[in-house]
Amino acid sequence: METLYITHPSCPLHEMGDWHPECPARLTAIHEQLVAEGLLDHLTRVQAIPATREQVLRIHTAEYVDYLVAHQPKTGYFPLDPDTSMNPHSLDAAWAAAGAGVTAVDAIMRGRAGAAFCAVRPPGHHACRSHAMGFCFFNNVAVAVAHGLQTHGLRRVAIIDFDVHHGNGTEEAFAGNPQVLMCSFYQHPFYPGRSGPAADNMVNVPVSAHTQGAEIRRIVTDVWLPRLAQFAPEFIFVSAGFDAHRDDDLAQLDLLEDDYDWLTRQVVAQADASAQGRTVSLLEGGYNLNALGRSAAAHVRALARL
């Protein structure tokens with residue numbers, strides 16, 4: 001089955017200032033590395049269909065969506081939180097980023113592809129029901145999951161989040177929902193400060209600074225994989241953040257490209273076992289451009305079973 005590479009021309013137009021690490025060059029770094037490694041030749045390129053208001057309202061409040069629309073600037077920036085702001089193109093990019101996962105789910109459920117990587121921004125996993133935070137506007141993975149559940153009748157879906165930061169917005173969206181199993185690790189104490197008991201369907205494991213790949217692999221093997229096998233998801237979604245890489249200065253975990261390859265191959269194996277291979281990955285963090293490109297390429301190579 002084909003693996004899709006989904007993006008949208010609005011995504012590079014969103015920017016929050018020259019100083020901001022969540023920058024358009026992130027997408028360029030990924031694209032150039034995929035070209036350099038010859039991976040794009042094995043992918044089917046697709047333009048994301050922007051999400052509809054109805055699709056986004058499955059996760060976010062109407063008041064929040066209306067607030068974003070009302071405050072989209074004609075020039076300059078409008079701040080949403082200390083780290084997150086809109087320029088004149090940001091909302092278009094946010095609709096496209098949220099729609100990328102929906103586009104992927106539709107294609108896969110209709111038998112047109114087996115997996116997809118969505119190279120989109122702004123990222124999404126910090127976006128909460130009623131507010132933006134942490135560079136995120138709409139919760140892209142949550143919108144895609146809700147679409148799979150409500151439109152395509154999926155009964156069990158898993159979310160794998162390997163960003164260095166806790167996906168607090170995703171947890172908020174699905175905590176206690178028996179149709180969703182979320183597995184993640186995240187650096188703690190660290191932004192956004194979440195740790196402690198969670199709902200039974202949240203397998204979110206805090207790790208300390210400078211944790212290396214061997215310990216992450218142990219967590220995946222001993223904690224994630226048994227729960228995933230028991231749950232037997234019909235579709236797997238990935239919040240693919242690459243900021244846990246050793247070279248990323250915005251965090252302090254010590255993963256390498258081989259770790260992202262290994263992680264992805266565990267996800268793919270579970271998808272093959274219970275989900276007919278159906279997997280959608282959406283870009284989250286990753287701010288050292290060289291490490292981001294290499295790590296994303298390792299992830300895509302494994303996702304495409306190359």
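A few notes on this one:
- Taking strands (runs of 3 or more DSSP E) as the structural unit, those lying wholly within the range 1-86 and holding at least 1 residues that are in contact (Cβ under 8 Å) with a residue 60 or more places away in the chain and more than 18 Å from the chain's Cα centre (by Cα) correspond to 44-47, 84-86.
- The residue pairs whose first member lies in the range 208-223 and is farther than 15 Å from E257 by Cβ, whose second member is of a type in the set (V, I, T), and whose beta carbons are closer than 7 Å, counting only pairs six or more residues apart or on different chains, are E215/V207; I219/V205; V223/V203; V223/V205.
- Restricting the range 154-183 to residues that are under 17 Å from G101 (Cβ atoms) and of a type in the set (G, A, S), the residue that is surrounded by the fewest Cβ atoms within 10 Å (Cβ to Cβ): A173
- Within the range 49-107, the set of residues being of a type in the set (S, T, N, Q) and within 21 Å of P12 (Cα to Cα) comprises T52, Q72, T75, T84, S85, N87, S90, T103.
- Of all the criteria given as (1) within 23 Å of G286 (Cβ to Cβ); (2) of a type in the set (F, W, Y); (3) more than 12 Å from the chain's Cα centre (by Cα), the one not satisfied by F174 is (1).
- Test: residue in the range 121-133 that is hydrophobic (A, V, I, L, M, F, W, C), touching a helix residue (DSSP H, G or I) at 6+ places or on another chain (Cβ under 8 Å), buried (at least 20 other Cβ atoms within 10 Å of the Cβ) and under 23 Å from A304 (Cα atoms): no
- Meets criteria (touching a His at 6+ places or on another chain (Cβ under 8 Å), surrounded by fewer than 16 Cβ atoms within 10 Å (Cβ to Cβ) and at pLDDT 95 or above) for Q55: no
- The residues on offer are G114, G148, G124, and the sole one that is closer than 22 Å to D18 by Cα and under 19 Å from the mean Cα position of the chain (by Cα) is G124.
- Flag for V105 being crowded, with 22+ Cβ neighbours inside 10 Å, in contact (Cβ under 8 Å) with a residue 24 or more places away in the chain, closer than 26 Å to S274 by Cα and under 18 Å from the mean Cα position of the chain (by Cα): yes
- Hits in the range 239-255 - residues which are of a type in the set (S, T, N, Q) and surrounded by fewer than 24 Cβ atoms within 10 Å (Cβ to Cβ): Q252
- Only one entry of G111, G176 meets the criterion of being at positive phi, in contact (Cβ under 8 Å) with a residue 24 or more places away in the chain and part of a loop (DSSP other than H, G, I, E, B), and that entry is G176.
- The range 146-173, subset in contact with a strand residue (DSSP E or B) (Cβ under 6 Å, 6 or more places away or on another chain) and among the aliphatic types (A, V, I, L, M), residue farthest from A132 (Cα to Cα): L154
- A single member of A209, A298 is within 25 Å of V120 (Cα to Cα) and either small (G, A, S) or at pLDDT below 95 (or both), and it is A298.
- Counted residues, the range 129-168 - those being under 21 Å from A116 (Cβ atoms) and assigned to a helix (DSSP H, G or I): 12
The values are calculated or read from the model by the stated rules, or taken from the named source; none is laboratory data. Just so it is clear, the structure is predicted and the values come from calculations on it, not from any experiment. Every residue, glycine as well, gets a Cβ built from its backbone with ideal geometry; the counts of neighbours run over all protein chains shown.
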